[in-house]
Amino acid sequence: MATIILDQDYMLVDKKADVPEALTEIRRHPLLAVDCKGFKLGGGRSGDLTVIIVATQTKVFIFDVLKLGQRVFDDGLGAILEDKTKEKLMFDCRRDADNLFHQRKVQLTGVLDLQLLEVMYRKRRLPESEDESRRSSRTDEVQPLKGILRCIEMYVKDVAMIEAKLRCQRQVLGDSHVWKTRPLSEKLKSYCCVDTSALFTLYNKLKGGGRDHSRLVIASDRYADTFRCLPERTHGVFEFHPFLPLDIIPEADDSFEFPEASTKCIGCLRLFPADEFPKAQLRNKQRFCRVCIKAKSYALTKVSK
């Protein structure tokens, strides 16, 4: 049975018999919005994914993974999430991709990550840099990341949407177990609808005629793999910081090639060209990329406060 929450048509899918109907409708749409909810899901593979929301531009489908279990992915939801032809609007897909792969054996693809698109949108308004100095000295290239609420405030400016999201956030922050409590409250279902419908609105504000679409596809694929590819997660300062990892978004040219990388940062464990590191770091093998240096400084600043 469909219901209206905040002017958004939605369907709670918590019974096996409802899954085929939901998936059939979802398959009709080439552009989706996807969000995952759960207990301590910020930890990626160590969290508990209990709800996954898949929305079209006209309807939101809230899949109760806690009730449906792995079967919902095996019966078709996993195939949709792995289908590159189904583009999926997400906001910071890294932890969701990590959890889906390591707990549900689902390789999330086809993502258009709006956190990355917001960075690209900002950079479109800045003059192009012609700085050819060593990479390690170009610290201004480290990009801060904005959260989804801040992006909605800056670009969507929908007061009702902002207030609804704030109310729901306060409930979640006050009780980290709410996503494991059944039945799901009306407020949480509202939160699911607000989060995914906001992605469509934000995408329309930032896409700029779609001229960055190819770069966004490549960047989002790399973003999804940021945590997913790690043998183990550290959950430390080199993973949890508000800066864009380096070499995620390709340059605006026809090749979209990333720099050849052979030297590992001991913070984020990613490979970079050797000139990403000061010569002294290369000599003493204490190599930290520019983002990890920023992350350490950011962590120390938070501790000092």
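For segment 220-236, taking the residues that are under 29 Å from Leu166 (Cβ atoms) and at pLDDT 95 or above, the one that is surrounded by the most Cβ atoms within 10 Å (Cβ to Cβ) is identified as Ser220.
Quick check: anything in segment 137-151 among the polar types (S, T, N, Q), under 16 Å from Leu199 (Cβ atoms) and not in a loop (DSSP other than H, G, I, E, B)? Taking every residue of segment 137-151 in turn, none turns out to be among the polar types (S, T, N, Q), under 16 Å from Leu199 (Cβ atoms) and not in a loop (DSSP other than H, G, I, E, B).
If you go through segment 158-197 and keep only what is acidic (Asp, Glu) and not in a helix (DSSP H, G or I), you end up with Asp158, Asp175. For segment 108-139, filtered to residues that are farther than 22 Å from Lys207 by Cα and basic (Lys, Arg), the residue that is surrounded by the most Cβ atoms within 10 Å (Cβ to Cβ) is Arg135. One residue alone among Leu216, Leu184, Leu202 is over 23 Å from Ile62 (Cα atoms), among the hydrophobic types (A, V, I, L, M, F, W, C) and crowded, with 16+ Cβ neighbours inside 10 Å, and that residue is Leu216. Taking the listed residues Tyr155, Tyr203, the one that is under 26 Å from Val106 (Cα atoms), within 21 Å of the chain's Cα centre (by Cα) and not in a loop (DSSP other than H, G, I, E, B) is Tyr203, with no other qualifying. Among the numbered conditions (1) more than 19 Å from the chain's Cα centre (by Cα); (2) without any contact (Cβ under 8 Å) to a residue 24 or more places away in the chain, the only one that Glu141 does not meet is (2). Of everything listed in (1) within 19 Å of Asp98 (Cβ to Cβ); (2) touching a Ser or Thr at 6+ places or on another chain (Cβ under 7 Å), the single unmet condition for Arg45 is (2).
Filtering segment 271-296 to residues that are surrounded by fewer than 12 Cβ atoms within 10 Å (Cβ to Cβ) and outside any loop (DSSP other than H, G, I, E, B) leaves Lys279, Ala280, Arg283, Asn284.
Could you tell me whether segment 108-128 includes any residue that is within 18 Å of Gly43 (Cβ to Cβ) and assigned to a helix (DSSP H, G or I)?
Step one: of segment 108-128, the residues within 18 Å of Gly43 (Cβ to Cβ) are 108.
Filter once more, keeping what is assigned to a helix (DSSP H, G or I): none.
Checked against the condition, which is being within 18 Å of Gly43 (Cβ to Cβ) and assigned to a helix (DSSP H, G or I), segment 108-128 yields no hits at all.
Being surrounded by 10 or more Cβ atoms within 10 Å (Cβ to Cβ) and either modelled with pLDDT under 90 or in a loop (DSSP other than H, G, I, E, B) (or both) is the filter here, so list the residues in segment 258-270 that pass it. Listed by number, the residues that qualify are Phe258, Pro259, Ala261, Cys265, Ile266, Gly267, Cys268, Leu269, Arg270.
Against the condition in contact (Cβ under 8 Å) with a residue 24 or more places away in the chain and crowded, with 16+ Cβ neighbours inside 10 Å, how does Ala299 come out, does it pass? Answer is no for this residue.
The values are calculated or read from the model by the stated rules, or taken from the named source; none is laboratory data. Everything numeric here is computed off the predicted structure, so don't read it as measured data. No Cβ is skipped: glycine too gets one built from the backbone with ideal geometry, and neighbour counts run over all protein chains shown.
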